Amino acid sequence: MIYLDNNATTQVATEVLEAMLPYFHDVYFNAGSMYEAAKPARTAIDTARKVVAEGIGAASSREIVFTGCATESINAAMRGAASAVPQRRHIITSAVEHPAVLELSRDFSRNGYEVSFVGVDRQGNLDIAEYVRALRSDTLMVSLMHANNETGVIFPIERLARIAKETDPGILFHCDATQSLTKLPISMSGNFRNVDMLSFSGHKFHAPKGIGVLYLRRGTPCRALLIGGHQEAGRRGGTENAPYIAGIAKAMEIAAATHDEDMKRIERLRDKLETGMLRLVSHVEVNGHGAERIPNTLNFAFHCIEGESILYLLDKEGICASSGSACTSGSLKPSHVLTAMNVPFTAKHGSIRMSLSRYTTEAEVDRVLAVFPEMIARLRTASPYWDREKQAPRDDLA
Ligand code: PLP
């Protein structure tokens, strides 16, 4: 099997699994218990909190809250801030956020908040002029993603957060870093010093599904979402998940140690896949081309084909990819990200995302390039649009 869907989730690293195992069985005790046997679980959580804090350059490990996933972190950040600062009722986000932010923002707008959904250009870059115009003195919060899960396009968070704070230091800035963490440099005391809240989850970088992190800068007004026990300093009730917490810390440690080498390799393979595809297949473009992108993500638009049919044939070849985010695939609705980017109709429906990881090999990329041209040609013979479009010069395809 060739797995090119690492933006959906990644394989748990063997070292991560090994780091987790003791806390399922030998040290299964509740980390909150007072007896001696439970102490190693408490120590593992304390150590993991320090590792995660160091990994993102946080001033203190007290700024780290462990959650169940990025969606929970995002809900905790945005709902928590709204409930702590009820007098402000305007939120700014973008039209291309993951549903975890987008649907939550729509929920805010159904409940008396005004939400500005800032647009993007044809490459997927945020419209900065529109963003600046949207900032107001009653803006509660900005929530913007660092890297897009479908296209890999990067938003300039350092600049965007600085602009928000220059407009009004009371505006809270939340960043969804789920796809960028371990792929791009993030330091809460460096380039992200104006970011108050940061959300991410472990399963995008070889930790298991079911563990997330919310970074809460000291002093940020944010009420707890899960009210219950005193865990996580009262910011997230619920018995701590010691094995998964140990797992995410191990995954961050490994990523920090191998980052430069991994990213160079992944980028080289991604570029090989991109240039190979553009050379071998006609009427294909790369969504987000020309914008700054994370090194592992490629979003191809094959004109005049349904993405779902490509995925079906790929699956028969043992190749796993996706036609959008995992959350929206399965529906034939075109991606909201590509719609916001104004990708033409005939290309939007034939979009395929391929996302690489440190486990992707050159032989796998070669195999994908070997099967694609024939597969695309076969699908296009059945396309009602293809006869007309193949005559058109590439620039006229809209
Ligand atoms: N944000 C982004 C950008 C994502 O890509 C994802 C998952 O694909 C999420 C949030 C939600 O992550 P989780 O599944 O851990 O809740």
Whole-number accessible area per residue in Å² for the chain, which is evaluated in the context of all protein chains at 1.4 Å: 42
From the Cα centre of segment 245-295 to that of segment 36-88, the distance in Å is 28
Kindly provide log₁₀ I(q)/I(0) values, in the same order as q = 0.10 Å⁻¹, from the Debye equation applied to equal alpha-carbon scatterers of the chain. -0.68
Cβ-Cβ FRET estimate between Thr239 and Glu374, R0 fixed at 41 Å, reported to 0.05: 0.15
So how far, in whole Å, is the C-alpha centre of segment 108-186 from the one of segment 190-220? 16
Dividing the mean separation of Cα pairs under 8 Å (6+ apart) by the residue count of the chain yields a relative contact order in percent of 22
Just the number: Rg to Rh for segment 1-90, Cα atoms, Kirkwood Rh, two decimals. 1.07
If DNA, RNA and ligands are ignored and the probe is 1.4 Å, what is the ranking of His349, His90 by accessible area, most exposed first? His349, His90
Not counting ligands, DNA or RNA, and with a 1.4 Å probe, what is Ser282's accessible surface area in Å² rounded to the nearest 10? 60
Give the shape of segment 90-222 as rounded, prolate or oblate, defined through the alpha-carbon gyration tensor: a ≥ b ≥ c are the square roots of its eigenvalues, a/c under 1.5 means rounded, and otherwise the shape is prolate if a/b is larger than b/c and oblate if not. rounded
What is the local net charge at Asn296, summed over the other residues whose Cβ is closer than 15 Å to its Cβ (Lys, Arg +1; Asp, Glu -1)? -1
Ranking Lys272, Lys316 from most to least accessible area with a 1.4 Å probe gives Lys316, Lys272
Mind running the shape call on segment 175-238? Use the C-alpha gyration tensor, a ≥ b ≥ c as the square roots of the eigenvalues: rounded below 1.5 for a/c, prolate if a/b tops b/c, oblate otherwise. oblate
Whenever you get a sec, compute what percent of the accessible area on segment 17-64 sits on carbon and sulfur atoms (1.4 Å probe). 59
Rg/Rg_ref, segment 259-393, where Rg_ref = 2.2 N^0.38 Å and atoms are Cα: 1.02
Where is the GNM fluctuation largest for the chain (alpha-carbon springs, 10 angstrom cutoff): Tyr359, Tyr35, Tyr244? Tyr35
Counting DSSP beta bridges with both partners in the chain, what percentage is antiparallel, nearest 5? 50
Reachable lysines from Lys272, criterion Cα separation under 21 angstrom, eight or more residues apart if same chain: Lys183, Lys264
Taking 0.36 nm per intervening residue step and subtracting the Cα-Cα distance, what contour gain separates Leu17 from Lys39 on full extension? 5.8 nm
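The values are calculated or read from the model by the stated rules, or taken from the named source; none is laboratory data. Note that this is a predicted model, so its numbers are computed, not measured. Neighbour counts are summed over all protein chains in view; Cβ atoms, including those assigned to glycine, are modelled from backbone coordinates with ideal geometry. SASA here: full protein model, heavy atoms, side chains in, ligands and nucleic acids out. Shrake-Rupley method; radii C 1.70, N 1.55, O 1.52, S 1.80 Å.
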